[in-house]
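Notes for the one structure printed next.
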Amino acid sequence: MTTANENSAAIIVLPAVGGGRLRDGGLKRWLSRATLTKNDEPTELLCDILAYLKLPCPTQGQGALRMWGQTGDRPTVWIAAADPVNLEPRLDRVFLHALGAARASASDLRPLFDHLQSKLEDDASFGFARVGSCGYLRADEPIATASEPAYVLNLQIPTEYMPSGDGAASYRNLRSEIEMALHDHEVNRRREEQGELAVNSLWLWGGGYAPEQETISLPPLYADDPLIKGYWFCKTGVVDSWPGTIASCIELSGAGFVAVASEDSDSELLEACLHEARAALRSGRLSRLTLIFRDGIRAEVRRANALRVWRRTSVFLN
């Protein structure tokens, strides 16, 4: 595993690589010689990165961290992330559809969050806010929330991940109010007319307070993901935007780094990044690569892996 002390090691998050997305035969052979694994269960990206850095993943306050990453300012009140979702009833079960930025634009979310705030304005203990395509809930008193973000639970049964025990009743009541307020809103009527899923609920998760800022040793981060940026801010790490290429990350860092390619990146950028990462490893600019692909495939790559010439193309890459 990569640690923060390996100064020329890199952790790179890239688009999905399986299912025939990778067409370059040389890159397929190169990756097949690495240590490849596949996680079929979706996981939170920040936790994946921190696991390779041998650091604990936050168990609460992720909503406040994400807001910190978006605004650059540490929230001082209790915050939960409020992700737009569609809950689809099927026979005796309900399935969750995560509606990220690509599926629910800021222009759609703005009137929906304004409507929610106006509907609940008599209850000053709660407040809703939207920052870009991310939603948030403020509460005077903490309530129980889910621990996983909506995108991790996409197409799964959400009831299995809802909070239980103390505070769960407040969660259920608030969620019911949210769904009643969003029902038949004009934005949702228009979305359905256009063949899009309605934003008929919000997934409340990661509730808590932002941690106090502290300094720990972290590699430089090149990313636009607000939750990951928020974690780096709270640890006084070096943070910059994703520059678009791995070569730029190497030039900016001079050593090891963590890079998160844009979520909407295509297969062309995937291959370009892999070519640059392979060249940096071969030249000695990087000592080790940890590649985290968004479809659950992971690759641990060392220069010595090139000697594994007997390996066939991995089934993960077909």
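Anything in region 163-188 that is part of a loop (DSSP other than H, G, I, E, B) and open to solvent by 40 Å² or more (accessible area, probe 1.4 Å)? List them, or say none.
Across region 163-188, the qualifying residues are 164, 165, 166, 183, 184.
Mind telling me which of the residues 261, 280, 255 ends up being open to solvent by less than 50 Å² (accessible area, probe 1.4 Å), more than 22 Å from residue 38 (Cα to Cα) and in contact with a Pro (Cβ under 9 Å, 6 or more places away or on another chain)?
When all the criteria are applied, what remains is 255.
Taking region 245-283 as the region of interest, how many residues are without any contact (Cβ under 8 Å) to a residue 24 or more places away in the chain and assigned to a loop (DSSP other than H, G, I, E, B)?
1
Could you look through region 9-34, keep only residues that are outside any helix (DSSP H, G or I) and loosely packed, with under 13 Cβ neighbours inside 10 Å, and pick out the one that is nearest to the chain's Cα centre (by Cα)?
Among residues in region 9-34 that are outside any helix (DSSP H, G or I) and loosely packed, with under 13 Cβ neighbours inside 10 Å, the one nearest to the chain's Cα centre (by Cα) is 19.
A quick yes/no check of all residues on (1) in contact with a Gly (Cβ under 7 Å, 6 or more places away or on another chain); (2) at pLDDT 95 or above:
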site: 230; (1), (2): yes, yes
site: 236; (1), (2): no, yes
site: 254; (1), (2): no, no
site: 262; (1), (2): no, no
site: 296; (1), (2): no, no
site: 306; (1), (2): no, no
site: 314; (1), (2): no, no
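Take the residues in region 151-161 that are assigned to a helix (DSSP H, G or I) and of a type in the set (A, V, I, L, M, F, W, C), then tell me which one is surrounded by the fewest Cβ atoms within 10 Å (Cβ to Cβ). Break it down into steps so the answer makes sense when it comes.
Going residue by residue through region 151-161, those that are assigned to a helix (DSSP H, G or I) are 151-153, 158-161.
Now narrow it down to the ones that are of a type in the set (A, V, I, L, M, F, W, C): 152-153.
On the way: 152: 18, 153: 22.
Here the answer is 152.
Which condition number in (1) without any contact (Cβ under 8 Å) to a residue 60 or more places away in the chain; (2) open to solvent by less than 70 Å² (accessible area, probe 1.4 Å); (3) acidic (Asp, Glu) is the one that residue 148 fails?
(1)
Mind listing just one residue for me: the one in region 77-102 that is at pLDDT below 95 and part of a loop (DSSP other than H, G, I, E, B) and, of those, most open to solvent (accessible area, probe 1.4 Å)?
Among residues in region 77-102 that are at pLDDT below 95 and part of a loop (DSSP other than H, G, I, E, B), the one most open to solvent (accessible area, probe 1.4 Å) is 91.
When only residues in region 111-145 that are open to solvent by 60 Å² or more (accessible area, probe 1.4 Å) and part of a helix (DSSP H, G or I) count, which is modelled with the highest pLDDT?
If we take residues in region 111-145 being open to solvent by 60 Å² or more (accessible area, probe 1.4 Å) and part of a helix (DSSP H, G or I), then 114 is modelled with the highest pLDDT.
If you check residue 237 against the conditions, is it more than 22 Å from residue 34 (Cβ to Cβ), under 21 Å from the mean Cα position of the chain (by Cα), buried (at least 16 other Cβ atoms within 10 Å of the Cβ) and small (Gly, Ala, Ser)?
yes
Is it fair to say residue 287 is open to solvent by 60 Å² or more (accessible area, probe 1.4 Å), over 25 Å from residue 154 (Cβ atoms) and of a type in the set (S, T, N, Q)?
Values: open to solvent by 60 Å² or more (accessible area, probe 1.4 Å): no; over 25 Å from residue 154 (Cβ atoms): yes; of a type in the set (S, T, N, Q): yes.
No; evaluated as a whole, the condition is false for this residue.
If you go through region 1-15, how many residues are in contact with a helix residue (DSSP H, G or I) (Cβ under 8 Å, 6 or more places away or on another chain) and modelled with pLDDT under 90?
2
Filter region 205-232 down to the residues that are out of contact with any Asp or Glu (no Cβ under 8 Å at 6 or more places or on another chain) and farther than 29 Å from residue 256 by Cα, then identify the one that is surrounded by the fewest Cβ atoms within 10 Å (Cβ to Cβ).
Out of the qualifying residues, it is 209.
State whether one or more residues within region 36-43 are open to solvent by less than 40 Å² (accessible area, probe 1.4 Å), modelled with pLDDT under 95 and in contact with a helix residue (DSSP H, G or I) (Cβ under 8 Å, 6 or more places away or on another chain). Step through it out loud before you land on a result.
Residues of region 36-43 open to solvent by less than 40 Å² (accessible area, probe 1.4 Å): 36.
If we keep only those that are modelled with pLDDT under 95 as well, we get 36.
Next, only the ones that are in contact with a helix residue (DSSP H, G or I) (Cβ under 8 Å, 6 or more places away or on another chain) stay: 36.
Among the residues of region 36-43, at least one is open to solvent by less than 40 Å² (accessible area, probe 1.4 Å), modelled with pLDDT under 95 and in contact with a helix residue (DSSP H, G or I) (Cβ under 8 Å, 6 or more places away or on another chain), which makes the answer yes.
The values are calculated or read from the model by the stated rules, or taken from the named source; none is laboratory data. None of these values were measured; they are calculated from a predicted model. Virtual Cβ from ideal backbone geometry, glycine too; neighbours counted across all protein chains shown. Only protein heavy atoms, including side chains, enter the accessible area calculation; ligands, DNA and RNA are left aside. Shrake-Rupley method; radii C 1.70, N 1.55, O 1.52, S 1.80 Å.
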